[in-house]
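Just so you know, all these numbers are worked out from the coordinates, no wet-lab data involved. Since this is a predicted model, take the numbers as computed values, not measurements. Glycine gets a Cβ as well: all are built from the backbone with ideal geometry, and neighbour counts include every protein chain shown.
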Amino acid sequence: KVVHCGLSLGKYHYRPPKESVRRIFCAARLSAQKGHAFLIRAMKILVDQGHELELRLAGDGPMKDQLTTLASELGISERVRFLGFLTEDEVIRELQDSDLFVLPSFVEGLPVSAMEAMAIGVPVIATNIAGTSELVEDGRTGLLVRPSDAQALAVAVVRMIEDYDFRLRAAELGRKKVIDEFDLEKECKELNTYLLESCDR
């Protein structure tokens, strides 16, 4: 029996994606295992291709100085915004204004940040690791790419940019998946049922 962690969905109001993609958002601790360096390198590829994008990074951690330096060395400092630690409500506001959510982690359980994005209708690109694929279904509720591959991240972003119908469908199916499988109230009730069943044995 599986009971997922979940969200209190009343805080997450769905809105369909805009037709154009301008703002990419990532919410994750600035540590090596979260893979931000590859996302910044992907941004360099995208900028060189002529895409007008802004990357906004929420979170703090030991990699901040190195990541800031990397963005500067790649000549894209003006395209990468380090937001620092954000509260839950601030993350929700950022998601409401974002066009894509990208999570380039090497290590992840079941990423709540991606779950939040899907609940709001922000299409998700993530690395195909651990429990992430349980949430993000490649080609259906989002896109999955190989870890530590900046080129693959850039290709996935371009696909999202160029295929609005896919982004719209992924947003709708992502929201539905969170409602069906990651609703905190529903999952708590299911856990309670399983606990009561085990007591009766």
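Limited to region 30-62, what total is found for residues that are assigned to a loop (DSSP other than H, G, I, E, B) and not hydroxyl-bearing (S, T, Y)?
Within region 30-62, the subset assigned to a loop (DSSP other than H, G, I, E, B) is 30-31, 35, 49-53, 60-62.
Going one step further and asking which of them are not hydroxyl-bearing (S, T, Y), we end up with 30, 35, 49-53, 60-62.
Count: 10.
Scan the helices (runs of 4 or more DSSP H) fully inside region 111-191 and keep the ones with 2 or more residues being over 20 Å from K11 (Cβ atoms). Before the answer, list the steps.
On the way: elements: 112-120, 132-135, 150-162, 164-181.
Per the criteria, 132-135, 150-162, 164-181.
Quick check on region 63-100: of everything there that is in a helix (DSSP H, G or I) and under 19 Å from G50 (Cα atoms), which residue is nearest to the chain's Cα centre (by Cα)?
At the first step, the residues of region 63-100 found to be in a helix (DSSP H, G or I) are 64-73, 77-79, 88-96.
Now narrow it down to the ones that are under 19 Å from G50 (Cα atoms): 71-73, 77-79.
Numbers: A71: 20, S72: 24, E73: 25, S77: 22, E78: 22, R79: 19 Å.
Top of the filtered list is R79.
What about R81, is it without any contact (Cβ under 8 Å) to a residue 60 or more places away in the chain, touching a strand residue (DSSP E or B) at 6+ places or on another chain (Cβ under 6 Å) and surrounded by fewer than 19 Cβ atoms within 10 Å (Cβ to Cβ)? Give the steps one after another, and end with the answer.
On the way: without any contact (Cβ under 8 Å) to a residue 60 or more places away in the chain: yes; touching a strand residue (DSSP E or B) at 6+ places or on another chain (Cβ under 6 Å): yes; surrounded by fewer than 19 Cβ atoms within 10 Å (Cβ to Cβ): yes.
So R81 fits the description; yes.
Looking only at region 112-156, which residues are β-branched (V, I, T), within 12 Å of the chain's Cα centre (by Cα) and buried (at least 20 other Cβ atoms within 10 Å of the Cβ)?
As a first pass, look at region 112-156 and keep what is β-branched (V, I, T): 112, 120, 122, 124-125, 127, 129, 132, 136, 141, 145, 155.
Remaining after also requiring within 12 Å of the chain's Cα centre (by Cα): 112, 120, 122, 124-125, 127, 132, 136, 141.
Result: I120, V122, V124, I125, T127, T132, V136, T141.
List the residue pairs whose Cβ atoms are under 6 Å apart, where the first residue sits in region 15-44 and is at positive phi, the second is hydroxyl-bearing (S, T, Y), and the two are 6 or more positions apart or on different chains.
Taking only residues 6 or more apart or on different chains, the pairs are G35/S105.
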